[in-house]
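**Student:** Sending over a structure as structure tokens; questions will come in a sec.
The values are calculated or read from the model by the stated rules, or taken from the named source; none is laboratory data. This one's a predicted model, so the numbers in the text were calculated from it and none came from an experiment. Here the Cβ positions follow ideal geometry from the backbone for every residue, glycine too, while neighbour counts run over all protein chains shown.
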Amino acid sequence: MWSELGKVSSLQANFAQVQTRKILKHPLESRGTVRFTRPASLVWSVLTPMRSTFSLDGKKATMDVPDVGVHEVIDLGAVPDANRLATSLMVWLQADATAVERDFTAEYRQSPASIRLVPKETRLAGLVNDMTLDLAESPWRVAAVHFSEPGGDVVDIVFRGVILDGKAVPDPGP
């Protein structure tokens with residue numbers, strides 16, 4: 001399955017993200033787009049409720065929040081911990097089976113198809129308890145990601161309108 005996911009060289013999709021956090025009275029919903037191009041280019045753009053863009057390009061991370069005038073660039077080569085975190089959190093996009101095995105304990109489920117990833121490294125485990133990837137077939141792809149954080153906060157992301165290597169693929173059922 002990782003080999004099938006790893007064949008994709010570019011991905012574009014719309015996403016709906018719901019963050020359930022103890023400090024928030026109600027879950028925070030956001031919508032946007034994601035683009036990924038091998039080997040390590042990611043652009044995560046939130047369109048609502050407040051515009052922001054996070055991008056990774058090799059060893060450079062950029063955060064833009066235009067409505068409040070924030071623009072920050074981080075050289076990940078100069079900040080090893082940030083680099084390690086970024087690479088670990090991107091293994092599901094890169095479909096790198098070796099990196100998954102190195103960084104996570106993986107639990108594979110067949111019905112419905114999903115993978116639960118539990119961080120092996122203490123620093124990453126301090127940020128994420130686990131990630132569950134819900135999979136869709138024909139072609140294989142990540143349809144949703146569920147992050148569980150140590151404090152009990154949860155982030156759920158669902159992808160729709162997926163384009164793999166320039167070809168639109170059907171959205172999975174509800």
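**Student:** Select from region 84-104 the residues that are modelled with pLDDT under 85 and either over 15 Å from P39 (Cα atoms) or of a type in the set (D, E) (or both) and list them in ascending order.
**Tutor:** R84, L85, D96
**Student:** Just the residues that are within 15 Å of the chain's Cα centre (by Cα) and over 20 Å from L5 (Cβ atoms), please, taken from region 107-127.
**Tutor:** Matches in region 107-127: L124, L127.
**Student:** Working only within region 11-55, note down all residues that are under 17 Å from A144 (Cα atoms) and either touching a residue at least 60 places away in the same chain (Cβ under 8 Å) or not in a strand (DSSP E or B) (or both).
**Tutor:** Listed by number, the residues that qualify are L11, Q12, A13, N14, F15, A16, Q17, V18, Q19, T20, V34.
**Student:** Which residue is farthest from the chain's Cα centre (by Cα), if the candidates are limited to region 139-174 and must be assigned to a strand (DSSP E or B) and of a type in the set (D, E, K, R)?
**Tutor:** K167
**Student:** Given the conditions (1) out of contact with any Gly (no Cβ under 9 Å at 6 or more places or on another chain); (2) surrounded by fewer than 15 Cβ atoms within 10 Å (Cβ to Cβ); (3) within 27 Å of R123 (Cβ to Cβ), which single one is not true for T87?
**Tutor:** So the condition that T87 fails would be (2).
**Student:** Among the residues of region 139-174, count how many are among the aromatic types (F, W, Y) and either surrounded by fewer than 14 Cβ atoms within 10 Å (Cβ to Cβ) or closer than 16 Å to T33 by Cα (or both).
**Tutor:** Narrowing region 139-174 to residues among the aromatic types (F, W, Y): 140, 147, 159.
Keeping just the survivors that are either surrounded by fewer than 14 Cβ atoms within 10 Å (Cβ to Cβ) or closer than 16 Å to T33 by Cα (or both) gives 159.
Total meeting the criteria: 1.
**Student:** Scanning region 113-138 for residues that are modelled with pLDDT of 90 or more and in a loop (DSSP other than H, G, I, E, B), which turns out farthest from F159 (Cα to Cα)?
**Tutor:** Among those residues, the one meeting the criterion is K120.
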